[in-house]
Each structure stands twice: as C-alpha cells, then as structure tokens.
Amino acid sequence: MPRHRIQLINPNTSQAMTDTMAITARRIAGDRLDIDAVCPHQGVPSIEGHFDEAVATLGILQQIRAGEARGVQGHIIACFGDPGLLAARELAKGPVIGIAEAAMHVATLVATRFSIVTTLPRTVIIARHLLHRYGFYEQCAAIHAIDLPVLSLEDGSGTAQQKVRDYCLKAKQEDNVGAIILGCGGMADLAAELSETLEIPVIDGVSAAVTLLESLLNLGITTSKWGDLDFPRNKGISGPFAECLA
Ligand code: 2AL
C-alpha cells in the first residue's frame, strides 16, 4: 500500500489540544500514514456550543483547502460535534471523517449500546443531534457531562481526566452498555488506559477516524461528487473562498 498523507484538523485554536490529538493519531497510524496536525489561525479556543461551531467552520474549510494544496489526501475534523462536516465534504476532493461519527460507527461494531462522556452540559445537545443524524440514537444509553470546559483537559492539573475516569466507571456500572465513547478530542489520550482498566472498549474518535480514513484511502474511495456533496457551485462568491471554486 502507498503511504498516504492525511491531515488532522483541530477546529479550535488550541495548540495544546492539537498536539495531544496528534500524538494519539500518529501512534495509531504508525509508519503507514503521514499526518499533518493543524488548527485554524483565527477562531475560538474551544468549541462548546452552536455559536462556536459556526465560527470554527470557516477555519475548517480554509484548512481543507490549504491541506489539499499541500498534497493532503484525506481529512479528519477533530472536534466531537463534527462541525462543518458536510460543507467540508463538498469542498474537499479527498474523504473527510468527523471524530464523533467515527467513534459512533466503531462503537456499534463492538457493542449493542454505548454511552458518551463529554465536557460541558451545553455540548450534550450537539451529541444528541449527531446521534439522530447518523442513526445511532437508539444505541446510545446516556450522555454524561463532566461539567468542566474543554480547555480544562489541557490545564495540566489532571482534574478533568480524573472526572472522565469517574464518569466512565459510572457509565459502565449504571448504563448497561458494552462500550463508552469519549466525547471530546482532548480526551483522545485516555482511551487506551481506560479500555484496559474498565475492561470494556473505550473509544476515542481521533483513533477511530484515523483508521477509518486509512481504510477509505486504501480502498480508493472518496466522497461521492454525484449529487449534494458535489463541489460547491461558483455563483460569484466573495470573500476568502472567491478564488477556490471551480
Ligand atoms: C469539543 C471537542 O472535541 N473539541 C472542542 O473544542 N470541543 N467538543 C466537546 N464536546 O467537548
């Protein structure tokens, strides 16, 4: 198999979170993939609501365009709300995978039901909307919020990580689920440890997305350009995307 080059797009501007996810992604990829880990130059430092997602989406699309200009063949949107996913699929030539959809697909391959452990309570509705959109609502038993902001995962104290551990244990004991999904990109580095200690699959969307994207590239499959995911029509658009549309 040829060595493919992909990019991991952290949609928030936190370099620390980009680095955390890059370490996990590269560990999963081994020497089979080259991974560019990028984040937007402007935007929001963390994504915790609908406004944040809207602001982040333009930065994601700019990274898609810049990555393809550098020769990147596929993209991961590494935020658990999968912001801008369908817009990115329209714009990109290569396949695009969101970490929430990747985690949900993988969880349902190994368990009939799963729970999600995420950050702030206000992000729960975003995960709920995605469960509906992807058809996994029935398989999700519960969504737990540790009630700490996204960037607390990067503050070095370990407090947020301990709360993630506590809620994963609670989910295993109380939800009657076979798997747990970590509902934030900044939790990526916890999955291996938690899977081992809890003795059930604890799934991180970054790792899941890397392996699913690699599979699509190996299969030679990319986003269908027949229909709604075709490249955006150029109808005299102004602003940052004026010159990039066919
Ligand atoms: C996220 C995530 O994965 N990254 C971010 O900035 N916000 N979503 C979340 N529910 O915590």
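Out of Gly81, Gly67, Gly94, Gly43, one residue alone is part of a loop (DSSP other than H, G, I, E, B) and away from the ligand (no atom under 11 Å from the Cβ). It is Gly94.
Residue count for the stretch 173-190 satisfying the condition of being under 23 Å from Gln15 (Cβ atoms) and either open to solvent by 10 Å² or more (accessible area, probe 1.4 Å) or outside any helix (DSSP H, G or I) (or both): 4.
Counting only residues that are β-branched (Val, Ile, Thr), free of Cβ contacts under 8 Å to residues at least 40 places away in the same chain, in contact with a Ser or Thr (Cβ under 8 Å, 6 or more places away or on another chain) and part of a helix (DSSP H, G or I), the stretch 109-168 holds 2 of them.
Of the set (1) open to solvent by less than 20 Å² (accessible area, probe 1.4 Å); (2) at pLDDT below 95, all apply to Gly49 but (2). Of the residues Ile35, Ile28, Ile77, which single one is closer than 21 Å to Pro95 by Cβ, surrounded by 22 or more Cβ atoms within 10 Å (Cβ to Cβ) and modelled with pLDDT of 95 or more? Being closer than 21 Å to Pro95 by Cβ, surrounded by 22 or more Cβ atoms within 10 Å (Cβ to Cβ) and modelled with pLDDT of 95 or more holds for just one of Ile35, Ile28, Ile77, which is Ile77. Specify the residue that is farthest from Leu198 (Cα to Cα); the eligible residues are those in the stretch 96-111 that are buried (at least 20 other Cβ atoms within 10 Å of the Cβ) and of a type in the set (Gly, Ala, Ser). Among those that are buried (at least 20 other Cβ atoms within 10 Å of the Cβ) and of a type in the set (Gly, Ala, Ser), it is Gly98. Out of Asp175, Asp147, Asp166, one residue alone is charged (D, E, K, R), at pLDDT 95 or above, within 16 Å of the ligand (Cβ to nearest atom) and more than 15 Å from Phe80 (Cβ to Cβ). It is Asp147. Checked against (1) away from the ligand (no atom under 12 Å from the Cβ); (2) part of a helix (DSSP H, G or I); (3) surrounded by fewer than 18 Cβ atoms within 10 Å (Cβ to Cβ), Ala16 meets all criteria but (1).
Each row is one residue, and each column tells you yes or no for (1) touching a Phe, Trp or Tyr at 6+ places or on another chain (Cβ under 8 Å); (2) of a type in the set (A, V, I, L, M).
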{"site": "Ile47", "(1), (2)": "no, yes"}
{"site": "Asp52", "(1), (2)": "no, no"}
{"site": "Gly59", "(1), (2)": "no, no"}
{"site": "Glu90", "(1), (2)": "yes, no"}
{"site": "Lys93", "(1), (2)": "no, no"}
{"site": "Gly98", "(1), (2)": "no, no"}
{"site": "Arg122", "(1), (2)": "no, no"}
{"site": "Ile126", "(1), (2)": "yes, yes"}
{"site": "Tyr137", "(1), (2)": "no, no"}
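Tell me, please, whether a residue that is away from the ligand (no atom under 13 Å from the Cβ) and open to solvent by 20 Å² or more (accessible area, probe 1.4 Å) can be found in the stretch 112-128. Checking the stretch 112-128: at least one residue is away from the ligand (no atom under 13 Å from the Cβ) and open to solvent by 20 Å² or more (accessible area, probe 1.4 Å). Scanning the stretch 1-33 for residues that are closer than 22 Å to Gly84 by Cα and touching a strand residue (DSSP E or B) at 6+ places or on another chain (Cβ under 9 Å) yields Arg5, Ile6, Gln7, Leu8, Ile9, Asn10, Pro11, Thr18, Asp19, Met21, Ala22, Ala25.
Residues that are open to solvent by less than 10 Å² (accessible area, probe 1.4 Å), under 25 Å from Val150 (Cβ atoms) and out of contact with any Asp or Glu (no Cβ under 7 Å at 6 or more places or on another chain) within the stretch 80-95 comprise Leu85, Ala88, listed in sequence order.
The values are calculated or read from the model by the stated rules, or taken from the named source; none is laboratory data. Values in this document were obtained by computation on a predicted structure and should not be read as measured data. Cβ atoms come from the backbone with ideal geometry, glycine included; neighbour counts cover every protein chain shown. To get the accessible areas, we keep the full protein, side chains included, count just its heavy atoms, and leave off ligands, DNA and RNA. Shrake-Rupley method; radii C 1.70, N 1.55, O 1.52, S 1.80 Å.
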